[in-house]
Amino acid sequence: MSEQVKSESTSLGAYAAACLRENGVEVVFGIPGTHNIEIYRGLTRHEIRHVLTRHEQGAVYAADGYARASGRPGVVIATSGPGVTNCITGIANAYADSVPMLVLSPGAPVGQERRDLGFLHEVKDQRSGIAQFAAASIRVESRGALEQAINGAFLSWRTGRCRPVHIEIPSDLMGSPTKGVVAPAWLGSAPVAPEGQIGAVLAAIQNARRPLIVAGGGCVESAAELRRLVEATGIPVVTTMAGKGSLSESHPLSCGALAGSSTEFPPIASADLILALGTELKSAPIGHETIVARFDLDPTQLNKHHRAAIPVLGELSSNLRSLLTTLPGTRRADPDWQKRALDSAQDCRRSAEDKWAVFHEAIALGAKNSAPGKELIITGDSSQVSYQGTLQAAVIESPRRFLTTDGYATLGYAVPAAIGASLASKGIPVVAVLGDGAFMFSVQELATASELGLPLPIVIYDNGGYAEIEQNMEEAGIAPFAIKLNRPDYFALASAFHCEYYSAATPTELEAAIGDALTDVRPSLIVVCEADHQNTSWR
Amino acid sequence: MTIDAAVLATTPSDIEHRNGGAAVAETLLAHDVDVIFGIPGTHNLEIYRHLVRLGIKPVTTRHEQGAGYAADGYSQVAGKPGVVITTSGPAVLNAMVAAGTAYAESRPVLIISSGLPSGTDYLDGGELHDTKDTLAAMASMTQWSVRARTPQEVTESIARAFELMLNGRPRPVFIEIPCDVLAEAWEGDVVHAGELSTPKPEQTAVKQAAELLRHASRPMIIAGGGSRGADGQLRQLAERLQAPVMTTCNGKGVLPEVHPLSLGAHIRLPGAQARLNQSDALVVVGSELSDSDLWEGKITATNVIRIDIAASQLHLNAPALVAIHADAAEALDQINSLLGDDSDAADARDKPGTKAQADLDEFRKSLIEEARVDGEAWFELNTQLRKVLPENSIITGDSSQVTYMGTVHFFPVPTKNSFLYMPRVATLGYAVPAALGAKVAKPEAAVVALLGDGAFMFSVQELVTAVEQQLALVVIVVNNGGYREIRDQQAARGIPPVGVDLHVPDLAALATAIGAVGETATDATDAAERARVALSRSGPTVISLDV
Ligand SMILES: Cc1ncc(C[n+]2csc(CCOP(=O)(O)OP(=O)(O)O)c2C)c(N)n1
Ligand SMILES: Cc1ncc(C[n+]2csc(CCOP(=O)(O)OP(=O)(O)O)c2C)c(N)n1
Ligand SMILES: [Mg+2]
């Protein structure tokens, strides 16, 4: 990475930027403050682009979207106390969804942690809260400790399950002078499974009558191997939300993505062999007789929820490649079983498709018209239009193309994540699709998208508030209240933020709006009202 | 108030649902809670089920951060704890920064959330809202973070929370209730917070203090946030001793700032500290004397009398000669009565209108001059506003220069809790939701938020809440194109500006889009006049002023 090894003198804060650069970081998201500006000195010096958001929440979700879209770690710079505390929901979300993310912040001055002294930005205990949701929260008080922490975090993402890391530098040490050669990044790779385990998987495949692959978020880097596996064995594939697109959903053996609970996909219960690739499996109703072969990078995952008859630890792509070398001549999955699985998938999807297929087709067509041959990235939120709509109805051809908050189900993710994804994937169209409730959680980030001049369509499905919660209330016999929300005048809002506005009452209008928005030089709000969405053109 | 469960459970379905959620709502009602700030979600509905029938009004904000800051503002103006209700996981964490704020600024805020089903902790099993350890996280931001494992524990822990918040140093409490516990049948009774006795002043210390003061020739008083319950006593002491009073930001207005003895809230200024440090008997009531108030200054006076409800603060940042661990009102009462009417001290000095008072007036002017050195840009606007706004207006601020270099110095207030701000945590996005909470607490008051463009964006969504609740808030946003403070600091360190110049939306148009009235003012006088007019509207107004 660094062409010439030279010693430079700088401040400790600025040195953090040098270490980031050594690890290949090109973009960071954040907000400057009194205590973190020395890091900013380093950003400029090391030519790292800084993307300013309007709330630290936006910075973490943008870094998350950046990471999910590109596979490269997302980096956030926040200030101490409230600044880094504002990151915490995004850190927890990245933890739940296994996203590589580094949050760098100042901390209490040396010796002043948890002393309740009353200094600027002092909270009770800045770090132990974050430590609950990060893989680690590391306080560093020297140059050596700083480079080890940063290099260690990046190494951990090269070699193991990705989860967020927080590093803090005491605010009084930020400006302390430091000199020396910038430490090179630490390289390394993930372990692979012993041959015996691969052999056991092969034997299981050979004996299986009703094999099924469940591909999770751990599979997104292994799409090529997965496709070869499917083609060699004829085993049908269903993905989780996080794994969506790991096998192209237009592949004849794709069963699409599981909705919320996997109980809704009966082949899971009837399969006699499940190859679980990088997934937690959650509450999947797997039968007692079913042989489960679990491929995972994280040993704690191997038996979670379901005991692995065959545990395959290590880097998935390598393990699949080993498996592939043993496969030639294996029998192919029974066509009747394949049909059964695919039919079930069709049934599961049908109800969602009734409501959401045309909607998503229009988005896809609009994107295709304006960016032919480029596959769209869609970001989502905890809105019905995402976890019922996009999840089921959008046909996604590759991994890292549907980015959403999965189990953690936070709100306000889609817009900042789309900003991050846009910066990660130059030339690839990005569309945010979300509900009106979710939209308000991050509305300030319209200013960020607008400032960056992103050609970003933001499709708001406006059903008048928190529809999911309204339904939950009705089901619980509570007369709904506190869920019908005043919404802004979207047209006026768009223009206040210097964005375009479209209202789409029909699929044709939605398609056209997406097409226009993707070729614009600024973001667009595209609003689909539930009332309009009731009309027949969407059926 | 006693609550008879059978009377409360009015409809058959409510009786059927007398559960952990009812334990929350009934216990809140028993503690005089009539409004909560929050957002309903799948897990917390069993709490919401009971709110309406009990007449507890839910204010739905657009982000849990806003609910937390609103409860904070509410608590100061209502004079009782503010309550937040969130759903599990991300929703609690969204409120965490507000918990951190309430902790740093000593405000009684109770955050109640649903939690994951009992027994799913630490499984990392990928449940909906699965969160590693919310309790531990909230413990890092609150005085008490607890999980109620049965409906009876729900009512008990809420009662304990009120005891903690109403006695001693007020700080936030977090209670998590697993969603299955919220749905679990409950047959118990509401538990009420008990009376706890606050520490009584120790007599020798009180006598020492009175003695010191009686013989002092330059007594002064610093009134912190912890003196707000003792404003009457503090005034009496000040008048008796003819001792000038300087407040911290959180103490602003404890002595009316137009009072001849008031030295305002200028404590960050070196000139103010120099004077305080010359005092030969400095009474410090309910203050940390923290760096966030003193801006790298120090209190070095030797004869310091500190009165604090929190023992940990008695010698913090400046050692006390006399340390009185007690409720401020009681301690001051006793000192006042020891000093008696014929205090030598007061007699020894001149009365108002005399040379001493003229000196004090001169000094007050010099403080304003000193504040204008870096705050000149904010002088006119605050001064004009002070002229046109009703005397009892409540003004909120943010971590913007217009607040800490402006409102703190140039907007004198007549009472405590008139200026809502958070000097220690110095978060962003506080002013608008805090104003919202203040207005909910006291609808008849004029409530104005005055803040920077950067801060405004942090909570811009809560304007919709104000529209929805039809609150006539006045929000004045001074637009200097971004994070001026940080830009200045970068420049001071020779760092080229990075991430500080913001593309600011059209603020008036934004306000209109959200359903508020949006206006652009031409100058400070115009902004003030528009604010005055806006007070009589039925909903919020945003006035943008480019500076
Ligand atoms: C931070 C956070 N707060 C609250 C919730 C609870 N919650 C789940 S879905 C939802 C409604 C979201 O509204 P919208 O985006 O409009 O989607 P809709 O349900 O209307 O489809 C709410 C409030 C949550 N998941 N996360
Ligand atoms: C949550 C949070 N993030 C970042 C900061 C750092 N910070 C302190 S002041 C400031 C600028 C605020 O801008 P504005 O409100 O426009 O006030 P100005 O400095 O321009 O007067 C920033 C970013 C902070 N205090 N809190
Ligand atoms: Mg500004």
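Computed values, structure above
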| quantity | calculated |
| --- | --- |
| Yes/no for residue B:412 being away from ligand 2 (no atom under 11 Å from the Cβ), farther than 26 Å from residue B:35 by Cβ and open to solvent by 10 Å² or more (accessible area, probe 1.4 Å) | yes |
| Any pair with Cβ under 6 angstrom, 6 or more apart, that starts in segment A:104-121 at a residue that is open to solvent by 30 Å² or more (accessible area, probe 1.4 Å) and ends at one that is within 16 Å of ligand 3 (Cβ to nearest atom) and assigned to a loop (DSSP other than H, G, I, E, B) | A:120/B:426 |
| Residue match in segment A:361-373 (condition: without any contact (Cβ under 8 Å) to a residue 60 or more places away in the chain and under 30 Å from residue A:89 (Cβ atoms)) | no |
| Tally, over segment B:427-444, of residues that are touching a helix residue (DSSP H, G or I) at 6+ places or on another chain (Cβ under 9 Å) and either open to solvent by 10 Å² or more (accessible area, probe 1.4 Å) or within 16 Å of ligand 1 (Cβ to nearest atom) (or both) | 7 |
| Qualifying positions in segment A:249-278 - open to solvent by 10 Å² or more (accessible area, probe 1.4 Å) and under 18 Å from the mean Cα position of the chain (by Cα) | A:257, A:258, A:259, A:260, A:278 |
| Selected residue (only one of B:170, B:256 is open to solvent by 30 Å² or more (accessible area, probe 1.4 Å), within 20 Å of the chain's Cα centre (by Cα), in contact (Cβ under 8 Å) with a residue 24 or more places away in the chain and under 25 Å from residue B:288 (Cβ atoms)) | B:170 |
| Scope segment A:509-529; condition closer than 18 Å to residue A:462 by Cα and either out of contact with any helix residue (DSSP H, G or I) (no Cβ under 9 Å at 6 or more places or on another chain) or open to solvent by 60 Å² or more (accessible area, probe 1.4 Å) (or both); matching residues | A:509, A:529 |
| Some residue of segment A:435-458 being in contact with a Phe, Trp or Tyr (Cβ under 9 Å, 6 or more places away or on another chain), open to solvent by 10 Å² or more (accessible area, probe 1.4 Å) and part of a loop (DSSP other than H, G, I, E, B) | no |
| Test for residue A:478: is it open to solvent by less than 20 Å² (accessible area, probe 1.4 Å), within 7 Å of chain B (Cβ to nearest Cβ) and not in a strand (DSSP E or B) | yes |
| Residues of segment A:170-217 that turn out to be under 30 Å from residue A:154 (Cα atoms), part of a helix (DSSP H, G or I) and either out of contact with any helix residue (DSSP H, G or I) (no Cβ under 6 Å at 6 or more places or on another chain) or of a type in the set (Val, Ile, Thr) (or both), as a count | 6 |
| Options B:332, B:321, B:314: the member that is buried (at least 24 other Cβ atoms within 10 Å of the Cβ) and assigned by TED's automatic domain parsing to the domain that holds residue B:213 | B:332 |
| Failed item in (1) at pLDDT 95 or above; (2) within 14 Å of chain B (Cβ to nearest Cβ); (3) buried (at least 17 other Cβ atoms within 10 Å of the Cβ), with residue A:128 passing the rest | (1) |
| Filter pass, residue B:28 being more than 13 Å from chain A (Cβ to nearest Cβ), in a helix (DSSP H, G or I) and either at pLDDT below 95 or buried (at least 24 other Cβ atoms within 10 Å of the Cβ) (or both) | yes |
| Candidate set from segment B:394-429 (those that are away from ligand 3 (no atom under 13 Å from the Cβ) and part of a helix (DSSP H, G or I)); member that is nearest to the other protein chains (Cβ to nearest Cβ) | B:408 |
| Residue count for segment B:75-97, restricted to those that are touching a Gly at 6+ places or on another chain (Cβ under 6 Å) and open to solvent by 10 Å² or more (accessible area, probe 1.4 Å) | 1 |
| Filter pass, residue A:409 being within 26 Å of residue A:244 (Cα to Cα) and within 12 Å of ligand 1 (Cβ to nearest atom) | yes |
| Contacts under 7 angstrom Cβ, first residue in segment B:466-486 being within 13 Å of chain A (Cβ to nearest Cβ), partner within 16 Å of ligand 1 (Cβ to nearest atom) and open to solvent by 20 Å² or more (accessible area, probe 1.4 Å), 6 or more apart | B:467/A:486; B:468/A:486 |
| Options B:154, B:77, B:92; residue that is part of a helix (DSSP H, G or I), β-branched (Val, Ile, Thr), within 12 Å of another protein chain (Cβ to nearest Cβ) and farther than 18 Å from residue B:310 by Cβ | B:92 |
| Hits in segment A:391-449 (condition: more than 10 Å from chain B (Cβ to nearest Cβ) and of a type in the set (Ser, Thr, Tyr)) | A:398, A:404, A:422, A:425 |
| The lone exception for residue B:506 - which of (1) open to solvent by 20 Å² or more (accessible area, probe 1.4 Å); (2) over 26 Å from residue B:101 (Cβ atoms); (3) more than 9 Å from chain A (Cβ to nearest Cβ); (4) at pLDDT 95 or above it fails | (3) |
| Residues within segment B:31-46 that are touching a residue at least 60 places away in the same chain (Cβ under 8 Å) and among the charged types (D, E, K, R), tallied | 1 |
| Total residues in segment B:47-63, condition over 17 Å from residue B:111 (Cα atoms) and either touching a residue at least 40 places away in the same chain (Cβ under 8 Å) or within 7 Å of chain A (Cβ to nearest Cβ) (or both) | 4 |
| Filter result for residue B:517 (away from ligand 2 (no atom under 16 Å from the Cβ), open to solvent by less than 20 Å² (accessible area, probe 1.4 Å) and either under 20 Å from residue A:29 (Cα atoms) or among the β-branched types (Val, Ile, Thr) (or both)) | no |
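Conditions (1) surrounded by 20 or more Cβ atoms within 10 Å (Cβ to Cβ); (2) β-branched (Val, Ile, Thr); (3) not in a loop (DSSP other than H, G, I, E, B), marked per residue:
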position	(1), (2), (3)
A:292	yes, yes, yes
A:295	yes, no, yes
A:321	no, no, yes
A:339	no, no, yes
A:366	yes, no, yes
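Table: residues versus (1) open to solvent by 20 Å² or more (accessible area, probe 1.4 Å); (2) more than 7 Å from chain A (Cβ to nearest Cβ); (3) touching a strand residue (DSSP E or B) at 6+ places or on another chain (Cβ under 8 Å); (4) of a type outside the set (D, E, K, R).
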residue	(1), (2), (3), (4)
B:99	no, yes, yes, yes
B:102	no, yes, yes, yes
B:111	no, yes, yes, yes
B:117	yes, yes, yes, yes
B:121	yes, yes, no, no
B:127	yes, no, no, no
B:135	yes, yes, yes, yes
B:139	yes, yes, yes, yes
B:143	yes, yes, yes, yes
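The values are calculated or read from the model by the stated rules, or taken from the named source; none is laboratory data. This one's a predicted model, so the numbers in the text were calculated from it and none came from an experiment. Backbone-built Cβ (ideal geometry, glycine too); neighbour counts: all protein chains shown. We work out accessible area using only protein heavy atoms, side chains counted, and drop any ligands, DNA or RNA first. Shrake-Rupley method; radii C 1.70, N 1.55, O 1.52, S 1.80 Å.
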